[in-house]
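The block underneath contains the structure these notes are about, expressed in structure tokens.
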Amino acid sequence: MKTLQTNRITSIDLLRGMIMIIMALDHTRDYFHADAFRFDPLDLQQTSVALFFTRWITHFCAPIFVLLAGTSAFISGQRKTKKELSIFLVKRGCWLIFLELTVVNFSWFFNIHFSFILLAVIWALGVSMIFLAALIHLPRKGILIVGLLLVCAHNLLDHIHYPQNDPTGFIWGLLHDQKMYFTTHGNILEGYPLIPWIGVMALGYYLGGIFANGFEVEKRKRILITLGLVSWLLFIILRSINGYGNIKPWMSQPSLTYSILSFINVSKYPPSLDYLLVTEGFAFIFLGLTENISNRITKIISVYGRVPMFYYILHIYMIHGIALVAAVFSGYPWAAMTGFTGWISGQPQLQGYGFSLGVVYLVWFGVVVALYPLCKKYDRYKASHRDKWWLSYL
């Protein structure tokens, strides 16, 4: 029984660690790549293959992170009553929302006035946990049905828009339609519409049942790999039909390579069904294939996966701090990298700033390596102080 549980935790932490590392690549690109200030890296009319995949590979991070949060909630719930788990999920959800609005928001923009608020993945994670606190009281099949409906049917809402800057527009932006909301104090970017993300976390919680103590290892691996292959097959079918499942259809391009890029260029805001089939399909297959893998590399990667929030907060501050120094050495005033009132790539004071894609990868590698000792030390602290309740919130 002990071996079963260790393998389970190892595979989940390994996957989570891998996506945390990949996530830092996208954030490094935001702050360092010259073309980030000129065009969308997924724009097939301007991008290169290398730049496209630098951005596209990071699409896997948010959906897998949310899915595994649901799975971890189920695993944690094996040691709690439903009431205790609900209370914990509500408190942790509220804590994550607070972090998003304060600590995380400041790390992105270095704006002491908080005149621009980004509601991103930590926000979506927190709200989804609060909804999960209620959903866990449903029968397991009920949780599955709710999760599938929210994930598979939300694209039916793609053509509903409330562009006006009023409470209706604001609420719809929170639920399904990414938009900028303007206030007298500042602006709010509703980056992660909630309906599908709540569904992803619910499905992650349901998936946790196959990681329960006593569940047969080989059966779990077969289920995961089958789920992954079926997800990818459904993606190929839906995307080929070019109908339901994604806001933008794919189009034939001048070359086969770019036609393939168009085919896999799926919508993340809000996360389309096609997008979730690709990313979560990978997660299922990865978990099924890595359950018994343990070596020096996997142990290093898993460290990041065991302290995801700690790593998440530190890596943004480090990337932004290095970018500030880079801007100064590039001839820009330090203030150019602070006080943002919008996303970094839209800052007029930074036009002309930036470096090559090679530099982006070097900075990314340096950030990940530099954070490893801190993450490892904190991981050891958590392992040796399990009696401290506050550690479960960071």
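Can you name the number of the only condition in (1) surrounded by fewer than 19 Cβ atoms within 10 Å (Cβ to Cβ); (2) farther than 27 Å from Phe282 by Cα; (3) not small (Gly, Ala, Ser) that Trp172 fails?
(1)
Output the number of the condition that Tyr381 fails; it satisfies all remaining conditions of (1) of a type in the set (Ser, Thr, Tyr); (2) at pLDDT below 95; (3) crowded, with 17+ Cβ neighbours inside 10 Å.
(3)
So Tyr205 ticks every box in (1) surrounded by fewer than 17 Cβ atoms within 10 Å (Cβ to Cβ); (2) modelled with pLDDT of 95 or more; (3) farther than 29 Å from Thr341 by Cα but one. Which box is left unticked?
Of (1) surrounded by fewer than 17 Cβ atoms within 10 Å (Cβ to Cβ); (2) modelled with pLDDT of 95 or more; (3) farther than 29 Å from Thr341 by Cα, only one is false for Tyr205: (1).
Inside the stretch 330-344, can you point out the residues that are in contact (Cβ under 8 Å) with a residue 40 or more places away in the chain and crowded, with 18+ Cβ neighbours inside 10 Å? Quick ask: steps written out before the conclusion?
As a first pass, look at the stretch 330-344 and keep what is in contact (Cβ under 8 Å) with a residue 40 or more places away in the chain: 337-344.
Residues satisfying the conditions are Met337, Phe340, Ile344.
For the stretch 262-296, what are the residues that are closer than 26 Å to Val217 by Cβ and either out of contact with any Ser or Thr (no Cβ under 7 Å at 6 or more places or on another chain) or free of Cβ contacts under 8 Å to residues at least 24 places away in the same chain (or both)? Talk me through it step by step, then tell me what you get.
Keep residues of the stretch 262-296 that are closer than 26 Å to Val217 by Cβ, which gives 277, 279-296.
Listed by number, the residues that qualify are Thr279, Phe282, Ala283, Ile285, Phe286, Gly288, Leu289, Asn292, Ile293, Asn295, Arg296.
How many of the residues in the stretch 63-91 are under 20 Å from Met23 (Cβ atoms) and of a type outside the set (A, V, I, L, M, F, W, C)?
Matching residues across the stretch 63-91 total 4.
Looking at the stretch 363-378, which of its residues are touching a Leu at 6+ places or on another chain (Cβ under 7 Å) and surrounded by fewer than 21 Cβ atoms within 10 Å (Cβ to Cβ)? Explain how you work it out, then say what you get.
Let us first name the residues in the stretch 363-378 that are touching a Leu at 6+ places or on another chain (Cβ under 7 Å), namely 364, 371, 374.
The answer is Leu374, and nothing else.
Give the residue, chosen from Gly93, Gly77, that is under 21 Å from the mean Cα position of the chain (by Cα) and either small (Gly, Ala, Ser) or farther than 27 Å from Arg386 by Cβ (or both).
Gly93
In contact with a Ser or Thr (Cβ under 9 Å, 6 or more places away or on another chain) and β-branched (Val, Ile, Thr): is that true of Ile300 in this structure?
no
Identify, please: which residue in the stretch 214-260 is assigned to a loop (DSSP other than H, G, I, E, B) and among the small types (Gly, Ala, Ser) and is, among those, surrounded by the fewest Cβ atoms within 10 Å (Cβ to Cβ)?
Looking only at the stretch 214-260, we keep the residues that are assigned to a loop (DSSP other than H, G, I, E, B), and these are 214-216, 242-255.
Still in the running and among the small types (Gly, Ala, Ser): 214, 243, 245, 252, 255.
Numbers: Gly214: 7, Gly243: 9, Gly245: 23, Ser252: 10, Ser255: 10.
The selected residue is Gly214.
Residues in the stretch 144-201 that are of a type in the set (Gly, Ala, Ser), farther than 23 Å from Phe65 by Cα and outside any helix (DSSP H, G or I): how many?
The total comes to 1.
The values are calculated or read from the model by the stated rules, or taken from the named source; none is laboratory data. Keep in mind that this is a model prediction, so the values were computed, not measured. Neighbour counts are summed over all protein chains in view; Cβ atoms, including those assigned to glycine, are modelled from backbone coordinates with ideal geometry.
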